[in-house]
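Following: one structure in structure tokens, then a few remarks.
Where a number appears in this text, it was derived from the coordinates with a stated rule and is not lab data. These figures come from a predicted structure and were not determined experimentally. Cβ sites come from the backbone with ideal geometry, for glycine too, and all protein chains shown count toward neighbours.
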Amino acid sequence: MADSPESLVKKLVIKVKEYPRFSKEEIDKFCWMAVHEYKHGVLPSEYDIREIDEDLYLQLLQEFKANI
């Protein structure tokens, strides 16, 4: 069963905060990394250009910005 968008965003918020060197100053980068890992199963490499779920990324970013 797939996660609902709201529960998925909450899971990704927790994942982002657990990343080594997590920084609120680079929240865009960390949200992108989490969505990339969710979609592709691995963290992005340095020059990874695979697509991500843009809507999910924006929801995750909005969740962080609303709670900073």
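I'd like the full set of residues that are under 9 Å from the mean Cα position of the chain (by Cα) and of a type in the set (A, V, I, L, M, F, W, C), limited to region 28-57.
Once the filter is applied, which keeps residues that are under 9 Å from the mean Cα position of the chain (by Cα) and of a type in the set (A, V, I, L, M, F, W, C), region 28-57 yields PHE30, CYS31, TRP32, MET33, ALA34, VAL35, LEU56.
Which pairs do you get when a residue that is within 21 Å of ASP55 (Cα to Cα), found in region 9-32, comes within reach of a residue that is among the β-branched types (Val, Ile, Thr) and assigned to a helix (DSSP H, G or I), reach meaning Cβ atoms under 6 angstrom, with the pair 6+ apart or on two chains?
The qualifying pairs are PHE30/VAL16.
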